[in-house]
1. Within the stretch 114-145, can you find the residues that are open to solvent by 10 Å² or more (accessible area, probe 1.4 Å) and closer than 11 Å to R78 by Cβ?
2. Inside the stretch 151-169, can you point out the residues that are charged (D, E, K, R) and over 19 Å from the mean Cα position of the chain (by Cα)?
3. Quick check: anything in the stretch 86-104 over 23 Å from F50 (Cβ atoms), surrounded by fewer than 18 Cβ atoms within 10 Å (Cβ to Cβ) and within 16 Å of the chain's Cα centre (by Cα)?
4. Quick one: in the stretch 88-129, of everything that is in contact (Cβ under 8 Å) with a residue 40 or more places away in the chain and among the charged types (D, E, K, R), which residue is farthest from V67 (Cα to Cα)?
5. Among the residues of the stretch 82-140, what is the count of those that are outside any loop (DSSP other than H, G, I, E, B), in contact with a strand residue (DSSP E or B) (Cβ under 7 Å, 6 or more places away or on another chain) and more than 23 Å from A166 (Cβ to Cβ)?
6. Here are some conditions: (1) within 18 Å of D1 (Cβ to Cβ); (2) not β-branched (V, I, T); (3) not in a loop (DSSP other than H, G, I, E, B). Q169 meets all but one. Which one does it not meet?
7. On the phi < 0 side of the Ramachandran plot and in contact (Cβ under 8 Å) with a residue 60 or more places away in the chain, is that true of L36?
Amino acid sequence: DVSGKGLPAAMLAANLQGAFAAVAAGDPGLGELFRLVNDFLCERTTPEMFATIFYGILDRSGAFTYVNAGHAVPLVARRDGAVVRLDSANFPLGFFSGVAFEVRCVQLELGDQVLIYSDGVTEAQNVRDELFGEARLKMLLEECVGQKSESVCEKVVAAVRDFVGAAAQADDLTLMVLRFGSPSD
């Protein structure tokens, strides 16, 4: 998610995609990848331009290694019904050059799902200026355990739209569900 709107935001997003592709081709560790891309961004943009990014690598064993650079905190819906946060204390990209980025890892089990979403989900407001919020999102995920990823996405979008009602949409509503294992696991 990039700061701003219009052409400057689009250019920032395109630059970041190119920077990640170029740097990742050298196969650095995740911490080094983020340090290099962050420094690239700091050198080439104004201070008010920044990006929040969640980047993860899932291996065949279920080890999910990730960096969260200021993005909305992803949630893991465990097969047993528990919902856990993928917390991280990193700054968004573009704030400070030369900083280190913490890399974390979580073990996923067959049937676990990771919900990655934009702040437009939890910060969606209804006509009474109430936020949809993370607590409501976590409760919804607890009810969706074992469902297909597409179904989880549809239910989250429907719940946010129902909550917002007639209020104007203030931000994008973007989400993705990553399921470890086959849909029947």
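1. Residues satisfying the conditions are E142, V145.
2. R161, D162
3. Taking every residue of the stretch 86-104 in turn, none turns out to be over 23 Å from F50 (Cβ atoms), surrounded by fewer than 18 Cβ atoms within 10 Å (Cβ to Cβ) and within 16 Å of the chain's Cα centre (by Cα).
4. Among those residues, the one meeting the criterion is E123.
5. The total comes to 14.
6. Going through (1) within 18 Å of D1 (Cβ to Cβ); (2) not β-branched (V, I, T); (3) not in a loop (DSSP other than H, G, I, E, B) one by one, Q169 breaks only (3).
7. no
Residues checked against (1) without any contact (Cβ under 8 Å) to a residue 24 or more places away in the chain; (2) surrounded by fewer than 18 Cβ atoms within 10 Å (Cβ to Cβ); (3) within 17 Å of the chain's Cα centre (by Cα):
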{"site": "L7", "(1), (2), (3)": "yes, yes, no"}
{"site": "Q17", "(1), (2), (3)": "yes, yes, yes"}
{"site": "E48", "(1), (2), (3)": "no, yes, no"}
{"site": "T52", "(1), (2), (3)": "no, no, yes"}
{"site": "R60", "(1), (2), (3)": "yes, yes, no"}
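The values are calculated or read from the model by the stated rules, or taken from the named source; none is laboratory data. Fair warning: this is a prediction, and the values are worked out from it, not measured in the lab. So basically every Cβ, Gly included, is an ideal-geometry build from the backbone, and we count neighbours across all protein chains shown. Accessible surface is based on the protein model in full, side chains and every heavy atom, while ligands, DNA and RNA are left aside. Shrake-Rupley method; radii C 1.70, N 1.55, O 1.52, S 1.80 Å.
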